[in-house]
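I have placed the structure first, in the form of structure tokens, so that the comments after it can refer back to it.
The values are calculated or read from the model by the stated rules, or taken from the named source; none is laboratory data. In this text the structure is predicted, and so the values were computed from the model without any measurement. No Cβ is skipped: glycine too gets one built from the backbone with ideal geometry, and neighbour counts run over all protein chains shown.
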């Protein structure tokens, strides 16, 4: 390949890689993991896609003004491994959703849980797995400590 052709190919690859890299982001620069917010409203969209599933919720304030909140989830693979599918959240459904807000106080959050009007709820599968692992760890520690405590 000639030198100019090599430069063109390399520049094209750089542009493509930059575009794909900017489509995905880290959690901490965007969302505040130390805080949560809860809003209630009507689901206007739910897309179980990669790199992150998305949901839009219309939230009406006390004066009647409607704000559209964007809720970002884990990716499709993580959610489907947790039992989710395209019908896990339905458009038109009235919900209360809790998540980590942005650092800029924009109407956007990263999903933690949602509560439906009928009382059923959905939680982030990654948190469910973490709690399950923590419970298993706690039980193993308890089992290891039992013989030592019984011998005293």
Yes or no: residue 99 modelled with pLDDT of 95 or more, within 11 Å of the chain's Cα centre (by Cα) and surrounded by 15 or more Cβ atoms within 10 Å (Cβ to Cβ)?
yes
Filter the range 48-100 down to the residues that are more than 19 Å from residue 32 (Cβ to Cβ) and in contact with a helix residue (DSSP H, G or I) (Cβ under 8 Å, 6 or more places away or on another chain) and list them by number.
48, 49, 50, 51, 53, 78, 79, 81, 82, 83, 84, 88
Residue 132 being modelled with pLDDT of 95 or more and either surrounded by 10 or more Cβ atoms within 10 Å (Cβ to Cβ) or not in a helix (DSSP H, G or I) (or both):
no
